[in-house]
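Since the structure comes first, as C-alpha cells, the remarks are kept for the end.
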Amino acid sequence: MTSSTDTQWQALQADWDRLRNVHLRDMFADQGDDRFNALSRTMDDLTIDFSCERIDVAALDNLLALAAACDVTGARDAMYNGDVINTTEGREVLHVALRAERSDGYMVDGAPTADLVDPERDRFLQFADDVRDGKYTNAQGARFTDIINIGIGGSDLGPVMAVRALSEFRGDGPNVHFVSNIDGAHLTDVTRGLNRSTTMILIASKTFTTIETITNAQAAKAWLLVELSSADADQNLAALSTNLDATAEFGIAAERVFGFWDWVGGRYSVCSSIGLSVALSVGGKNFREFLAGFRAMDQHFKTAPMAQNLPVLLALIGIWRRNIMDCLTVALLPYNQRLEHFSDYVQQMDMESNGKGVTKSGDALTRSSAPIIWGTPGTNSQHSYFQLLHQGTDIIPVDFILTANATSPLDYQHKLLTANFLAQSRALAFGKTPDEVRAEMTASGASEEQITDLVPHRTFHGNRPSTSIVYRDHTPFSLGRLIALYEHKVFVQGVIWGVNSFDQWGVELGKVLARQIEPMLDDGQDLSSLHANTRGLINRIHDLKSK
Ligand code: F6P
C-alpha cells in the first residue's frame, strides 16, 4: 500500500543516494561561505547552523516538502486552536497557553485559557515572592531557608534543570533541593543537615497518584513531624497538582495548593505551578521573563514560514538523521555548565513523547521514531566519550549549544569554551586525512615505520554531522526560548511520524508489575505464580538479606 508521503520519502532517499558518498569537506570546498549562508537560520539573536549536517539545499527543500505533505502547519494550528490532539487520552494540548498573554486568544472548552491561567499564575508567583520576601514564613515567623521539591519525571526534570540553569539569578532566594527517586537514599541525603523548621516541602505531581512522589511526600512529612507539631508542619507543605481532591486528602491547605489542568502534559508543565520551585529560586519577575522566552518561540513557531521556522528545521534535520541516515542516537551537548541538566530534561521530553511504535490510528510504524537523546556539558564530555564520537564505528549526530557571552566573570574560560565548541563541530565534519597525519608526523620528525604504524590510529574520517545553536546571553528569557525550540521540534517530528506525542502508555506496564511484586517481597509469600527469573531473583535477594 502506498501512503500519501511515499513520493517525499523517495525523493529524500534519492537525495541520500546522491550525498551518501560526498564528504562535508567537499561540500564546503564547493560551496564556501554560501553553504553557511544557505544552511543557517536566525531568529533575533538566536542562530542555528545546519551546514555541518550531511545535507544540501535540495535535500532541505525535499524535507520541507515532506513537512508540507504531513500537514505540519495544520497539525500545529490544531494544537494552538485547542483541538483534542491527544486522542488516546481525549485531551487538548495547550502548554503554550501557560506562557501566553490574554491577547494570544487561546481557548479551551469555549472559554479563554487566560481565565484559568492568569489568576493561578499570579497566585503561585505571588506566593513565591512572599516566601522570598519573608512575608510568608514558618509558624514561628522565620524565613524559609530551604525548599525541597518532591516530584518525578516531568514534575522534577524541568524544575531541576531550570533551577540549576538560572542559579545566577537566585539573589537571596532559598536553597532549592530535589527528591525524585523512590530509593530512600535520595530523601535521606537531601534532608541531612537541613533545619526542619525552615524547610518547605513542595509535593509536585500532576496526578498526585505517582507512587514514588506520594511515598516520598509521606516520608518527608514524617521527617518534619520529628520536630514540628502537626499544625506547624502544615505551614511548611505545599502541593502542585491537577488533582485537588487528592491534595486535600493528603492534608495540604487549599491556599497552598497551586493547580494546573489536564491539557498540560507532565513533561510540558514547567511553565505551570510545577515551576513553583523555579519561581521560589529566581523570583516572580525572572519567572515571567522565562515565560516570555517560551512565548517568543511559540509565536515564531506559529507564524514563521516553514523554511525559516527554527523548530521545524531542527525537526527536519532530526528526521534526516534518524530516517534517512539511520542514526539511532543523538548527543545533545550544551557548552554551558549551567545547562548541565538540559539533556536529561530533553531526553524525557523527546523520548517519552515520540518513543512510540504505532501511529495515532494504531497502525505499526513503518519507519523509526524517536532517537535516544543523551548528553552532558562540554568540555567535560570531550574527555570521556568524544573518542567514540570521532572514531567509533557508529555515526552519532550532535547538537552543540553555546552562548556568545560568558555565564561567569571568568572571560578567558569562556574564550576557551568557545574555541572548543567551534573545534568540535569542525573536527567531526572535516576530520583529519591520512595524508594530513603523515605530513604532520613527518614534520615532527617521526620515522617512516612510526608513521606507517600510527596513521590508521591518528586518522579522523570526519563527515560526522552536527548542528550548532548560538545565542547572545544565558538568561531566563533565552532558557525559555531554548526549551520551547525543543518542545516544538518534538511536536513536528511526532506529526511526521504520525504518532501521539502526548501520551505515555509505555510507562504503565512496569508500574503495574511493581505493584504486584511489592507484596511478594514479604517473607513466606507463595511465589509460584511468578516467572522463574522473578522467583529466582526474589529468593536470591532474600538469601542475601538474611546474611
Ligand atoms: O511515569 C511517567 C509519568 O507519568 C510522566 O509522564 C510524568 O512526568 C511523571 O510520570 C510524573 O507524573 P506526576 O506528575 O503525575 O506525578
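The values are calculated or read from the model by the stated rules, or taken from the named source; none is laboratory data. Just so it is clear, the structure is predicted and the values come from calculations on it, not from any experiment. Neighbour counts are summed over all protein chains in view; Cβ atoms, including those assigned to glycine, are modelled from backbone coordinates with ideal geometry. SASA here: full protein model, heavy atoms, side chains in, ligands and nucleic acids out. Shrake-Rupley method; radii C 1.70, N 1.55, O 1.52, S 1.80 Å.
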Over the range 312-352, the quotient of the Cα radius of gyration and 2.2 N^0.38 Å is 1.29
Put 531, 474, 177 in order of accessible area, largest first, probe 1.4 Å, and you get 531, 177, 474
What helix-only [θ] at 222 nm does the chain give? Using -39500 (n - 2.57) per DSSP H run of at least 4, over all residues, to the nearest 500, the answer is -14500 deg cm²/dmol
1/(1 + (r/R0)^6) with r = Cβ-Cβ of residue 525 and residue 302, R0 = 41 Å, i.e. FRET efficiency to nearest 0.05, evaluates to 0.15
The distance between the Cα centres of the range 341-364 and the range 278-310, in whole Å, is 22
Each label sits 7 Å from Cα toward the beta-carbon; between residue 71 and residue 44 the label points are separated, in nm, by 3.2
When the charge dipole of the range 506-546 is computed with +1 on Lys and Arg Cβ and -1 on Asp and Glu Cβ about the Cα centre, the Cα farthest towards its positive end, among 525, 510, 544, belongs to 510
Note: residue 26 to residue 4 extended length (0.36 nm per residue) minus current alpha-carbon separation gives 4.5 nm
Of all trypsin sites (Lys or Arg not before Pro) in the range 126-216, the ones in DSSP coil with at most 11 other Cβ atoms within 10 Å are 135, 192
In nm, the gap between the two label points placed 7 Å beyond Cα toward Cβ at residue 516 and residue 232 is 4.7
Of all trypsin sites (Lys or Arg not before Pro) in the range 274-374, the ones in DSSP coil with at most 13 other Cβ atoms within 10 Å are 367
Output row, site residue 450, 7 Å Cα→C-beta label point, backbone N cut-off 20 Å, window the range 408-444, residues 433-444
Pairs over 24 Å Cα to Cα, from 432/489; 356/511; 489/511; 206/302; 360/489; 356/489, come to 432/489; 489/511; 206/302
Computed on Cα atoms, the radius of gyration and Dmax of the chain in angstrom are 25.7, 82
Rounded to two decimals, the Rg over Rh value of the range 506-546 from Cα coordinates and the Kirkwood Rh reads 1.00
Answer in debye to the nearest 20: the dipole magnitude of the chain about its Cα centre, from +1 Lys/Arg and -1 Asp/Glu charges placed on Cβ, is 500
Expressed as a percent, the accessible surface of the chain that is carbon or sulfur, using a 1.4 Å probe and the full set of protein chains, is 52
Rounded to the nearest 10, the angle in degrees between the Cα long axis of helix 284-303 and the longest principal axis of the Cα atoms of the chain comes to 50
Lys and Arg at +1, Asp and Glu at -1: neighbours of residue 31 with Cβ under 14 Å from its Cβ sum to -4
Mean accessible area per residue over the range 100-288 (1.4 angstrom probe, all protein chains present, square angstrom) is 38
Rounded to one decimal in nm, the spacing of the 7 Å Cα→Cβ label points at residue 253 and residue 215 is 3.1
Here the percent of antiparallel bridges among DSSP beta bridges lying wholly in the chain, to the nearest 5, is 30
Computed over the chain: longest principal axis from alpha-carbon atoms vs helix 57-69 long axis, angle to nearest 10 degrees, is 40
